[in-house]
Amino acid sequence: MSNYDWNSVFPDTPKSFKNKVSATLNSLPDKKEIDKMENVKMLKKGSIRKKIIGALVATMVIGTTVFAAGKVTSITSSSSGKPTYTNIPTVEQVKKDFKSNPKLVNKFDNGYTFVSGCTVNNKGTDDKGNFAGKTKSLDFDYTKGNDKLSLYIENGKLDERSKKETVVANYNGIDVYYRSYANKTEPENYKMKEQDKKDKLSGKYVFSFGSDSDKEKISQVQYLNWMQDGINYTLLGIDSNVSKDELVKMAQQVISTK
């Protein structure tokens, strides 16, 4: 699969979240790849798609806590193609690898269970290309049958929140934000038609470009986002069967974890 710089194609969406979704969409297999899968084994990393950020080196903007002069406008993120964790890490492991103490959940009450995770190295630059900060983030995958969700954990939040995110819950004094939208992925060299431009303007679709397939694909994206003790959490589902209410309960479980 080829990767693509998606930063300019998601209107009014936090830059950090653009990269999470775009990395996922870039790694989705085409139909031929899916047809080759005799038995979908969600417990194996990459059985439906490649690791979300594994082996990815692309221009990104992700929250960072270490700053130099200048505003962070992009971050180059990279990680190993192999999972850092095949079991939920211990608090000691995370403190060593992540230099922080985020909330960790092995299995959610609704059945989604941790299968793998990785640490991601992020290097920030400003609009002139000068170094502007670095940090690590965590990327955890959870499955329930053939359904998959991702939980992203970052130190801090640099970019502004999208106006299209709405507060759907307040738990223990923490606002939990939600957004859902239809994402239409087109081939990299696709030229937008007049109807596409109208659909983009109306908000019917968020457009992405860079698909390896010559056919467009529409994906349903939904996510929750919240901040707790200076750590930014994003619970992401793409074409997932999970409901908004379930996502909220999952977020509450993370927030209340000791």
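The values are calculated or read from the model by the stated rules, or taken from the named source; none is laboratory data. Quick caveat, the model's predicted, so the values are computed rather than measured. Because the Cβ atoms are built from the backbone with ideal geometry, glycine has one as well, and the counts that use them run over all protein chains shown. Calculation scope for accessible area: heavy atoms of the full protein, side chains included, ligands and nucleic acids excluded. Shrake-Rupley method; radii C 1.70, N 1.55, O 1.52, S 1.80 Å.
Which residue is farthest from Asn110 (Cα to Cα), if the candidates are limited to the range 199-228 and must be in a loop (DSSP other than H, G, I, E, B), without any contact (Cβ under 8 Å) to a residue 60 or more places away in the chain and acidic (Asp, Glu)?
The selected residue is Asp214.
Are any residues in the range 229-258 open to solvent by less than 40 Å² (accessible area, probe 1.4 Å), closer than 18 Å to Glu165 by Cα and not hydrophobic (A, V, I, L, M, F, W, C), and if so, which ones?
Scanning the range 229-258 gives Asn232, Tyr233, Thr234, Gly237.
Can you tell me which residue is modelled with the lowest pLDDT among those in the range 91-134 that are basic (Lys, Arg) and in a strand (DSSP E or B)?
Lys134
Within the range 95-106, track down each residue that is farther than 15 Å from Ala251 by Cβ and either over 19 Å from the mean Cα position of the chain (by Cα) or open to solvent by 10 Å² or more (accessible area, probe 1.4 Å) (or both).
Answer for the range 95-106, where residues must be farther than 15 Å from Ala251 by Cβ and either over 19 Å from the mean Cα position of the chain (by Cα) or open to solvent by 10 Å² or more (accessible area, probe 1.4 Å) (or both): Lys95, Lys96, Asp97, Lys99, Ser100, Asn101, Asn106.
Looking only at the range 107-133, how many residues end up being hydroxyl-bearing (Ser, Thr, Tyr) and either open to solvent by 40 Å² or more (accessible area, probe 1.4 Å) or free of Cβ contacts under 8 Å to residues at least 24 places away in the same chain (or both)?
Number satisfying all stated conditions: 1.
Which one is surrounded by the fewest Cβ atoms within 10 Å (Cβ to Cβ) among residues in the range 196-219 that are in contact with a strand residue (DSSP E or B) (Cβ under 6 Å, 6 or more places away or on another chain) and not hydrophobic (A, V, I, L, M, F, W, C)?
Taking the candidates together, the pick is Asp214.
Among all residue pairs at least 6 apart or on different chains, which show Cβ distances below 7 Å where the first residue, located in the range 152-176, is among the acidic types (Asp, Glu) and the second is surrounded by fewer than 16 Cβ atoms within 10 Å (Cβ to Cβ) and modelled with pLDDT of 70 or more?
From residues that are among the acidic types (Asp, Glu), the pairs are Asp175/Val167.
Quick check on the range 80-90. Is at least one of its residues over 13 Å from Asp141 (Cβ atoms), part of a strand (DSSP E or B) and open to solvent by 10 Å² or more (accessible area, probe 1.4 Å)?
Taking every residue of the range 80-90 in turn, none turns out to be over 13 Å from Asp141 (Cβ atoms), part of a strand (DSSP E or B) and open to solvent by 10 Å² or more (accessible area, probe 1.4 Å).
Does the range 174-190 include one or more residues that are surrounded by 15 or more Cβ atoms within 10 Å (Cβ to Cβ) and either in a helix (DSSP H, G or I) or in contact with a Pro (Cβ under 7 Å, 6 or more places away or on another chain) (or both)?
No.
Mind listing just one residue for me: the one in the range 136-151 that is in contact with a helix residue (DSSP H, G or I) (Cβ under 9 Å, 6 or more places away or on another chain) and touching a residue at least 40 places away in the same chain (Cβ under 8 Å) and, of those, farthest from Asn232 (Cα to Cα)?
Leu149
Within the range 162-170, can one find any residue that is modelled with pLDDT under 85, more than 27 Å from Ser243 (Cα to Cα) and out of contact with any Leu (no Cβ under 9 Å at 6 or more places or on another chain)?
No: the range 162-170 contains no residue that is modelled with pLDDT under 85, more than 27 Å from Ser243 (Cα to Cα) and out of contact with any Leu (no Cβ under 9 Å at 6 or more places or on another chain).
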